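J.: Got a structure for you, written out below as structure tokens; questions coming shortly.
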Amino acid sequence: MRILVLSDIHANLEALDACLASAPSFDAVVNLGDIVGYGASPNEVAKRSRDVGKIFVRGNHDKAATGLIDLNDFNPMAAAAAIWTRDQLTEENLDWLGALPHGPVSLPDFPQVQLVHGSPNDEDEYVVSLGDALAPLIALNVPLTFFGHTHLQGGFFANGSSADGFRPEYRTVGQAESVPLQLKPATRYLINPGSVGQPRDGDWRAAFALFDTDAQVVHFHRTPYNLKGAQDRIFAAKLPPRLATRLAAGR
Ligand code: ZN
């Protein structure tokens, strides 16, 4: 089975469409949350996600947009975007986003794989460094956990003798590319597919991953998308302009 792993779409319809168009064939789509927030197409992205998706976990921005958390925990730019998003969302999309489950969620056919937004211990925790990853890696009782939240493509592994982090290395800065990671036996992984709609690893291209369960390979992908289209919508919506300009830098 080939599973498309999407995370942190953040209401960027142009980026989501590019990922769906450039992904090799897949059998199912899983989504690690932050479907909305920051970008200017929350209803379109919620609907598209629901139409293609199979399994979801909620993100902190999904909670913010549906009133499940206090916006005092958000920086002013994120809070402004959350309020705007809440105003825009249809009742149907608000209900759907508000009912998304808390992680970890296991894949029904693959109990050795789980999905979380932040970390397995705390859905709002950022796993940025190997130091952040060690405690969850040691505690994991499944070999493969997909996580999001940091908007940084790559991840961490631990086996009997070592633990380290990794990032896919690409050759270009503007073309569609993929980098495979062969999973090894007796190793635990925390893998981030990267952010579809607001990458923060210095690469502006939309990020996603494709997990081939038979071959035990995770393919990391980057794809160019209609950046200007996404930016123009953010300007037109009068969202904070920085939410548009940061997309070009991938920060
Ligand atoms: Zn996010």
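The values are calculated or read from the model by the stated rules, or taken from the named source; none is laboratory data. Predicted, not measured: the structure shown is a model, and the values here were computed from it. Positions of Cβ are backbone-derived with ideal geometry, glycine not excepted, and every protein chain shown enters the neighbour counts. Note: accessible area is taken over every heavy atom of the protein model, side chains too, but ligands, DNA and RNA are not part of it. Shrake-Rupley method; radii C 1.70, N 1.55, O 1.52, S 1.80 Å.
J.: Name the residue, out of VAL57, VAL45, VAL36, VAL52, that is open to solvent by 40 Å² or more (accessible area, probe 1.4 Å) and β-branched (Val, Ile, Thr). Before the answer, list the steps.
T.: Numbers: VAL57 fails: open to solvent by 40 Å² or more (accessible area, probe 1.4 Å); VAL45 fails: open to solvent by 40 Å² or more (accessible area, probe 1.4 Å); VAL36 fails: open to solvent by 40 Å² or more (accessible area, probe 1.4 Å).
Going through VAL57, VAL45, VAL36, VAL52 in turn, the sole match is VAL52.
J.: Shifting gears a bit: Spot the failing condition for THR145; the list is (1) surrounded by fewer than 22 Cβ atoms within 10 Å (Cβ to Cβ); (2) in contact (Cβ under 8 Å) with a residue 40 or more places away in the chain; (3) not in a loop (DSSP other than H, G, I, E, B), and only one is missed.
T.: Every condition holds for THR145 apart from (1).
J.: Name every residue in the stretch 106-141 that is of a type outside the set (Gly, Ala, Ser) and in a strand (DSSP E or B), in order of residue number. Break it down stepwise before answering.
T.: At the first step, the residues of the stretch 106-141 found to be of a type outside the set (Gly, Ala, Ser) are 107-117, 120-128, 130, 132, 134, 136-138, 140-141.
Listed by number, the residues that qualify are LEU107, PHE110, PRO111, GLN112, VAL113, GLN114, LEU115.
J.: Within the stretch 106-125, how many residues turn out to be over 15 Å from ASP34 (Cβ atoms) and surrounded by fewer than 21 Cβ atoms within 10 Å (Cβ to Cβ)?
T.: Taking the stretch 106-125 and keeping what is over 15 Å from ASP34 (Cβ atoms), we get 106-114, 120-122.
Still in the list and also surrounded by fewer than 21 Cβ atoms within 10 Å (Cβ to Cβ): 106, 108-112, 121-122.
Residues that pass the stated criteria total 8.
J.: Taking the stretch 81-105 as the region of interest, how many residues are open to solvent by 60 Å² or more (accessible area, probe 1.4 Å) and part of a helix (DSSP H, G or I)?
T.: Qualifying residue count for the region: 7.
J.: Do you know which residues across the stretch 75-101 are over 20 Å from SER41 (Cβ atoms) and modelled with pLDDT under 95? Outline the logic, then answer.
T.: In the first step, residues of the stretch 75-101 are kept if they are over 20 Å from SER41 (Cβ atoms); the result is 75-76, 99, 101.
Of everything in the stretch 75-101, those that are over 20 Å from SER41 (Cβ atoms) and modelled with pLDDT under 95 turn out to be ASN75, PRO76.
J.: Can you find even one residue in the stretch 148-169 that is within 16 Å of the ligand (Cβ to nearest atom), surrounded by 14 or more Cβ atoms within 10 Å (Cβ to Cβ), under 23 Å from GLY229 (Cα atoms) and of a type in the set (S, T, N, Q)?
T.: No, because not a single residue in the stretch 148-169 is within 16 Å of the ligand (Cβ to nearest atom), surrounded by 14 or more Cβ atoms within 10 Å (Cβ to Cβ), under 23 Å from GLY229 (Cα atoms) and of a type in the set (S, T, N, Q).
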